[in-house]
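Just so you know, all these numbers are worked out from the coordinates, no wet-lab data involved. Everything numeric here is computed off the predicted structure, so don't read it as measured data. Quick reminder, even Gly has a Cβ in these numbers, built from the backbone with ideal geometry, and neighbours come from all protein chains shown.
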Amino acid sequence: MASEVDICNLALGHIGDAAEITSISPPDGSTQAALCKKFYPIARDECLAEFNWGFAMRRQLLAKLSTDAPSGWSFWFSIPNPFLAARAVVAENYDTPVEYKIETNLTHGTVVLSEVDPAEMWYTATISDTTVYPPVFVHGLSWLLASYLALPITREAKILEVAMQQYASTIGKAKALDANQQKLFGTSKADLNLRNYEPSGIKART
């Protein structure tokens with residue numbers, strides 16, 4: 001399995017830099033390691049957020065906030081942690097996505113607004129453990145990181161262009177492989193009619 005350092009060295013190789021760094025946390029003293037420490041987390045999170053990767057998907061029942069929700073919404077919830085990108089909010093015992101909104105509140109920070117309670121969020125988490133990254137994802141991430149490193153190290157716009165082209169190609173392959181291994185959200189589901197939705201507690205009494 002590739003480590004963070006392995007991914008960084010692969011990215012450096014993509015842009016023609018022969019350096020072999022040994023650490024980015026902390027950097028090993030080289031310019032290349034310092035740049036990798038700066039850009040690696042950004043490239044990683046950008047790559048993770050771009051798609052609903054199966055290995056990074058999490059499902060969590062949202063914690064409802066005790067105060068009244070903002071106008072226009074019935075309920076609001078705190079955001080899961082570690083959260084990177086929302087994919088869907090679903091009602092309890094109902095796997096069809098429902099309408100929701102994410103916004104920042106001065107008191108509660110980032111919150112989720114919804115018309116259903118309980119509500120479960122399906123989301124992409126920030127995954128720093130590289131041992132769970134599929135090989136093709138590692139390849140795509142290394143090219144994205146290479147695009148960040150290209151100008152600071154080589155000063156060659158053409159190398160940046162090539163890195164972005166290679167990233168688009170490899171990450172496309174990664175998405176296709178990942179999509180074949182999981183059921184895509186909402187591909188064959190009708191929108192939830194909230195007027196007909198009954199939480200499980202109500203259904204149990206009828």
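So which GluC sites (Glu not before Pro) in segment 80-117 pass both tests, a DSSP loop state and at most 13 other Cβ atoms within 10 Å of the Cβ? If you can, show how the numbers build up before the last one.
On the way: sites: E92, E99, E103, E115; in loops: E92, E99, E115.
Those that pass, being in a loop and sparsely packed, are E99.
Among W122, W73, W143, whose mean-square fluctuation peaks in a Gaussian network model of the chain (Cα, cutoff 10 Å)?
So, out of W122, W73, W143, the one fluctuating most is W73.
Just to check, using Stokes-Einstein with a Kirkwood Rh over alpha carbon pairs, what's the diffusion coefficient of the chain at 25 °C and 0.890 mPa s in µm²/s?
Values: Rh = 19.3 Å.
Answer from the Stokes-Einstein relation: 127 µm²/s.
So if I take the centroid of the Cα atoms in segment 103-119 and the same for segment 44-84, what is the distance between those two points in Å?
Answer, in whole Å: 9.
Report, to two decimal places, the Cα Rg of segment 1-51 normalised by 2.2 N^0.38 Å (N = number of residues).
On the way: Rg = 10.9 Å, N = 51, 2.2 N^0.38 = 9.8 Å.
Working it through for segment 1-51, the quotient is 1.11.
Which of the cysteines found in the chain have nothing to pair with, since no other Cys Cβ lies under 4.7 Å from theirs?
When partners are defined as cysteine Cβ atoms under 4.7 Å apart, the chain leaves C47 without one.
Restricting the calculation to Cα positions, tell me the Rg (one decimal) and the Dmax (whole number) of segment 56-126 in Å.
Cα-based Rg and Dmax for segment 56-126 come out at 11.2, 33 Å.
Let me confirm the definition first: pairs of Lys residues in the chain, 8 or more apart or on different chains, C-alpha distance under 27 Å. How many are there?
Taking the Cα cut-off of 27 Å, the pair count is 20.
Measure nothing fancy, just the Cα-based angle from helix 4-14's long axis to the longest principal axis of the chain, in degrees from 0 to 90, nearest 10.
Once rounded, the angle reads 60 degrees.
Going 7 Å from the Cα of K158 in the Cα-to-Cβ direction, what parts of segment 5-48 have a backbone nitrogen less than 20 Å from that spot?
Only 12-18 fall inside the zone, counting backbone N under 20 Å.
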